[in-house]
Amino acid sequence: MGVSRFVMDEVDITEDECTEDIEKQNANEERMVAFYSSNFRCLALCTSIGLVALVLGLGLGLGLEGSSPDENIFTPEHQATTLEYISSLAIQISSPETLNVFDNNMIPSNPQTEALKWMSSTDVFTLNEMKQSSTNEVVLLQRYALATFYFSTSGDSWHHKVNFLSPEHICEWGTYHDVMTKPNDMYKGVFCDNDQLATSLFLDMNSLTGQIPDELYHISSLKKISLGKNRLEGQISSKLALLKNLTSFIVNQNLLIGELDDNIATLQSLQVFNVHNNRLEGNVEDSFKNLSELIILDLGDNDLSGNFPDISASLQLKSINLEINGHYNDNMGFTGEIPAFIGNFVLLETLDLSSNSFTGNVPSEIGQIFGLKRLDLHSNDFFGNFKDELLNLKELDKLLLNGNNFDGDFGEACEKLDDIDMTADCLLEDNSYIKNSCYCCAYCCNKDACCPQGEAIGSNKCISVDAIGLFGL
């Protein structure tokens with residue numbers, strides 16, 4: 001809906017009319033006091049004089065850049081009515097405690113009340129919407145939720161403001177960039193569907209700080225959230241499970257903490273879940289059960305623990321990344337064995353389990369993933385003979401096996417797997433033996449270091465050696 005224009009006609013005001021206006025304003029103030037008394041107990045402590053100051057204060061500075069002096073003029077009474085109405089909507093998705101937080105001068109002091117103040121005093125779209133014969137509650141609630149998100153993540157400091165808090169519909173809160181000069185930064189902001197409801201929020205690499213407010217998870221039409229490579233803090237709220245249409249949740253490379261709620265498993269449309277490189281912790285074995293649409297699961301570089309997650313229903317998976325867990329708080333990361341159901345992921349292209357505490361034999365079923373291109377098992381406690389399973393993986397181009405306890409050599413694998421980037425424990429160990437000979441390995445490793453093929457550790461650094469004499473090739 002476009003922003004309708006409201007123009008106040010010039011009229012001569014008599015003393016009686018002025019008195020009548022004052023009486024109307026006083027009546028309005030009384031309604032405001034009654035509203036806050038009944039809905040927000042904390043605000044009942046405020047005097048009617050304080051409320052008058054708030055309402056009159058909200059009426060300052062309404063002119064928009066580029067507007068004529070007569071456009072977008074709204075009376076304090078209209079603003080008060082708007083505040084009352086938006087507050088009655090906000091209570092549906094915000095806790096009463098967050099809507100009660102004002103300082104002694106009635107100045108908003110949290111993201112929720114910042115959003116209320118903005119919508120009822122400055123936002124021409126909302127003020128005009130309130131002058132219509134009927135209002136669209138969903139549109140206003142989504143606007144409130146996104147405004148709360150803006151204030152909660154320090155929107156004034158964003159790298160790109162992407163039209164947030166402009167007087168346009170939220171579907172205009174986005175900016176296209178030149179894909180030729182910024183190939184990874186083509187669009188930021190809000191995407192909408194044909195019903196003008198928000199379906200996507202893309203704000204990667206945009207200098208976001210602070211926390212993701214729960215209000216965002218009440219935008220039920222959202223399908224994609226991408227907030228990676230920022231400085232977001234706090235926990236991933238259990239309210240995430242409210243987004244039943246969610247297909248993609250990407251918050252990699254932030255500072256998020258806490259545990260992942262098992263109710264993530266209720267997001268039956270979820271295809272991409274990426275929380276790589278945060279500070280998340282806890283056991284996630286049951287957090288992704290029954291997610292049959294899942295394609296990408298990236299839990300790498302956190303402090304997660306427990307057995308391999310139960311993702312047995314996720315037969316569409318193309319990428320699983322559990323790398324580098326447990327190092328922040330010195331726990332063991334993921335433990336136990338790779339489950340046999342791994343062989344059911346016939347579409348899988350990437351499997352990264354490196355730098356954890358997995359153990360046992362690598363299951364033979366892994367040889368059924370014929371399209372696997374990257375397999376990284378380094379720095380775990382795997383053991384046994386793994387070579388036969390490798391021979392079926394003709395598409396492998398990267399294979400990292402060092403830092404384990406595999407038996408024998410990988411000579412036959414080198415013969416059968418062409419042009420593979422491979423590492424193994426083929427570096428001289430304690431100046432006495434080589435654990436796994438591997439003539440095709442780009443790097444050979446031992447428990448302490450890795451060196452390029454044909455070199456060994458000497459004086460705490462890699463030095464050239466006679467490859468034939470050392471490796472018996």
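The values are calculated or read from the model by the stated rules, or taken from the named source; none is laboratory data. Because the structure is predicted, anything quoted here is derived from the model rather than measured. FYI the Cβ positions are ideal-geometry reconstructions off the backbone, even for glycines, and counts take in every protein chain you see. Surface accessibility is based on the protein's heavy atoms, side chains included, excluding ligands, DNA and RNA. Shrake-Rupley method; radii C 1.70, N 1.55, O 1.52, S 1.80 Å.
Worth a mention:
- Contact map, segment 320-336: residues that are under 14 Å from THR359 (Cβ atoms) and assigned to a strand (DSSP E or B) paired with residues that are open to solvent by 60 Å² or more (accessible area, probe 1.4 Å) and modelled with pLDDT of 95 or more, Cβ distance under 6 Å, separation 6+ or inter-chain. Pairs shown: GLY336/ASN307.
- Selection of first residues in segment 409-423 that are within 8 Å of LEU399 (Cβ to Cβ) and of second residues that are outside any strand (DSSP E or B) and among the polar types (S, T, N, Q), restricted to Cβ pairs under 8 Å at least 6 apart or on distinct chains, gives the following pairs, ordered by first then second residue: THR423/ASN402.
- When residues of segment 68-123 are limited to those that are under 26 Å from LYS239 (Cα atoms), of a type in the set (Val, Ile, Thr) and at pLDDT 90 or above, the one surrounded by the fewest Cβ atoms within 10 Å (Cβ to Cβ): ILE91
- The residues on offer are LEU315, LEU351, and the sole one that is under 19 Å from PRO363 (Cβ atoms), touching a Phe, Trp or Tyr at 6+ places or on another chain (Cβ under 9 Å), at pLDDT 95 or above and open to solvent by less than 10 Å² (accessible area, probe 1.4 Å) is LEU351.
- Counted residues, segment 391-429 - those being open to solvent by 30 Å² or more (accessible area, probe 1.4 Å), modelled with pLDDT under 90, in contact with a strand residue (DSSP E or B) (Cβ under 9 Å, 6 or more places away or on another chain) and part of a loop (DSSP other than H, G, I, E, B): 2
- Tally, over segment 329-343, of residues that are out of contact with any strand residue (DSSP E or B) (no Cβ under 8 Å at 6 or more places or on another chain) and surrounded by 17 or more Cβ atoms within 10 Å (Cβ to Cβ): 1
- Some residue of segment 261-270 being assigned to a strand (DSSP E or B) and within 22 Å of LEU315 (Cβ to Cβ): no
- Enumeration of residues in segment 354-390 that are outside any helix (DSSP H, G or I) and open to solvent by 30 Å² or more (accessible area, probe 1.4 Å): SER355, THR359, ASN361, PHE370, LYS373, ARG374, HIS378, SER379, ASP381, PHE383, ASN385
- Qualifying residue in segment 247-256 (condition: crowded, with 16+ Cβ neighbours inside 10 Å and small (Gly, Ala, Ser)): yes
- Out of SER154, SER134, sole residue that is open to solvent by 30 Å² or more (accessible area, probe 1.4 Å), modelled with pLDDT of 95 or more and either among the small types (Gly, Ala, Ser) or touching an Asp or Glu at 6+ places or on another chain (Cβ under 9 Å) (or both): SER154
- Whichever residue in segment 290-312 is open to solvent by 60 Å² or more (accessible area, probe 1.4 Å) and at pLDDT 95 or above and, among such residues, is farthest from ILE264 (Cα to Cα): ASN307
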